[in-house]
Amino acid sequence: MAIVIKSAKEIEAMRVSCLMAAETLLLVGEKLRAGMTTDDINTIVHEDTIRRGARPSPLNYRGFPKSVCTSVNDVVCHGIPGPQVLKDGDIINVDVTTFYGGFHGDTSATFYVGTPSPEARRVVETARRSLDLGIEQVKDGARLGDIGAAIQEYVEGQGCSVVRDFVGHGIGRVFHEDPQVKHYGKRGAGERMKAGMIFTIEPMVNLGRWEVEVDPKDKWTVTTADGSLSAQFEHTILVTKSGYEVLTKRPKPLRMSENVATIML
Ligand code: MF3
Ligand code: CO
Ligand code: CO
C-alpha cells in the first residue's frame, strides 16, 4: 500500500481531530489521581470525546472493547480499562485516538500516579525525550530510519530498551495506514519522508529488556516479558518542507501528576 500524501483540506481536517485528541489527553491529566480505576479514565475519555461530537477510534476497533487504552506499569500498550485501582507510585499510559470529520488524531502520554520511584522517572523521562528526538528528525527528504536511529541511540544510552513489536503508523481517514515507523534502526535507511505525509511516532521504552508478551486470554494486553516498567508517548506528525508540524501539540502544559513538574510539547 502506498503512503498517502494529504491535501491542504485533509491536513486542515487532521488539525481538528488531532487537537481534540490532545485536549482530551489534557483533561485526563487534570483528573487523574490515586484511587481511580482505569475504567474511570475510560469514562472521562469516552464522555469528552462524545461531547465534542467525535467518536473514540479504539471502541470496537478490531474487537477492542473500550474507548481508550490504559497501560499500567509493566503493560507496554493496549491495556484494556477495567476495575484496576490506580495506586501511589504507579505509571499509566493513556492513549487517546479521536475520530472527527472523517479523520483520526492519535496521541498518548504516560502519567505518574502520586510520587514516582527513581526507576519510574527514568523510564518515563527517557520515553518522553526519545519522542522529542524522533520528531526532530522529521523533514521532507529525510529517511524514516533516521527517526528510529535517533530514538534507539538515546534510549539505549539511558540503559533502557526500545520495543520492536509495535511501530508508529500513517494515519488519516484510516486509523493505521502506511508507512510503518520503527523506533529503532539505521540512519539513512527506509523510505524518504515527503511533505504532506502524516504519521505517528510512539516509542515504547522498557526499563529492562525489549521483549514483550501478549495476554493469551484477552489477546490485547501487551506486557514486558521480564516484568520491568514500560512507558510511551505519542504524537501525530505532519511532514513539511522545512521540517514538521506536531498536529497533536497540546495548547497548554500537560499535568503529568499531582506532584511532578509538567511538560509542554
Ligand atoms: N492508539 C493505538 C496506537 O497508537 C492503537 C490502539 S488500537 C486499540 O496505534 F484497539 F487497542 F485501541
Ligand atoms: Co498510534
Ligand atoms: Co495511540
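Which of the residues that make up the stretch 181-196 are in a strand (DSSP E or B) and open to solvent by less than 50 Å² (accessible area, probe 1.4 Å)?
Of everything in the stretch 181-196, just one residue is in a strand (DSSP E or B) and open to solvent by less than 50 Å² (accessible area, probe 1.4 Å), namely Val181.
Here's the yes/no breakdown for (1) open to solvent by less than 50 Å² (accessible area, probe 1.4 Å); (2) in a loop (DSSP other than H, G, I, E, B); (3) among the hydroxyl-bearing types (Ser, Thr, Tyr):
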{"residue": "Ala2", "(1), (2), (3)": "no, yes, no"}
{"residue": "Lys9", "(1), (2), (3)": "no, no, no"}
{"residue": "Glu12", "(1), (2), (3)": "no, no, no"}
{"residue": "Arg33", "(1), (2), (3)": "no, yes, no"}
{"residue": "Ile41", "(1), (2), (3)": "yes, no, no"}
{"residue": "Ile50", "(1), (2), (3)": "no, no, no"}
Fill in the blank from the handout: When every residue in the stretch 84-108 that is buried (at least 22 other Cβ atoms within 10 Å of the Cβ) and within 22 Å of Gly159 (Cβ to Cβ) is compared, the one nearest to ligand 3 (Cβ to nearest atom) is Asn93
Exercise for the section: Tell me which of these Val94 doesn't satisfy, since it passes every other one: (1) within 30 Å of Lys217 (Cβ to Cβ); (2) touching a strand residue (DSSP E or B) at 6+ places or on another chain (Cβ under 8 Å); (3) in a helix (DSSP H, G or I). Expected result: (3)
Problem - Options Ser242, Ser230: the member that is closer than 25 Å to Leu26 by Cα, of a type in the set (Ser, Thr, Tyr), in contact (Cβ under 8 Å) with a residue 12 or more places away in the chain and more than 13 Å from ligand 1 (Cβ to nearest atom) - result: Ser230
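Answer with yes or no whether Asp178 is within 30 Å of Gly101 (Cα to Cα), open to solvent by 40 Å² or more (accessible area, probe 1.4 Å) and modelled with pLDDT of 95 or more.
On the way: within 30 Å of Gly101 (Cα to Cα): yes; open to solvent by 40 Å² or more (accessible area, probe 1.4 Å): yes; modelled with pLDDT of 95 or more: yes.
It is true that Asp178 is within 30 Å of Gly101 (Cα to Cα), open to solvent by 40 Å² or more (accessible area, probe 1.4 Å) and modelled with pLDDT of 95 or more.
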Handout entry: Members of the stretch 146-172 that are in a loop (DSSP other than H, G, I, E, B) and either away from ligand 2 (no atom under 15 Å from the Cβ) or of a type in the set (S, T, N, Q) (or both)
Key = Gln158, Gly159, Cys160, Arg164
Handout entry: Top-ranked residue in the stretch 97-116 [being hydroxyl-bearing (Ser, Thr, Tyr) and within 22 Å of Thr221 (Cβ to Cβ); ranked as farthest from ligand 2 (Cβ to nearest atom)]
Key = Tyr112
Handout entry: Qualifying positions in the stretch 55-69 - in a loop (DSSP other than H, G, I, E, B), open to solvent by 10 Å² or more (accessible area, probe 1.4 Å) and among the hydrophobic types (A, V, I, L, M, F, W, C)
Key = Leu59
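Could you list, in sequence order, all residues of the stretch 197-253 that are in a strand (DSSP E or B) and of a type outside the set (Val, Ile, Thr)?
Quick first cut of the stretch 197-253, residues in a strand (DSSP E or B) only: 198-201, 204-206, 212-214, 222-224, 230-232, 234-239, 244-246.
Across the stretch 197-253, the qualifying residues are Phe199, Met204, Asn206, Glu213, Ser230, Ala231, Gln232, Glu234, His235, Leu238, Tyr244, Glu245.
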Problem - Residue ID - farthest from ligand 2 (Cβ to nearest atom), chosen from residues in the stretch 70-90 that are farther than 13 Å from Gly35 by Cα and not in a loop (DSSP other than H, G, I, E, B) - result: Val72
Exercise for the section: Six or more apart or on different chains, Cβ under 9 Å: which pairs go from a residue in the stretch 1-30 that's without any contact (Cβ under 8 Å) to a residue 24 or more places away in the chain to one that's open to solvent by 10 Å² or more (accessible area, probe 1.4 Å)? Could you list them? Expected result: Leu27/Ile44; Leu27/Asp48
Practice task
Name every residue in the stretch 109-123 that is within 15 Å of ligand 3 (Cβ to nearest atom) and β-branched (Val, Ile, Thr), in order of residue number.
Solution key: Thr110
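The values are calculated or read from the model by the stated rules, or taken from the named source; none is laboratory data. Being a predicted model, the structure only gives us computed values, none of them experimental. Backbone-built Cβ (ideal geometry, glycine too); neighbour counts: all protein chains shown. These accessible areas exclude ligands, DNA and RNA; they are computed on the full protein's heavy atoms, side chains included. Shrake-Rupley method; radii C 1.70, N 1.55, O 1.52, S 1.80 Å.
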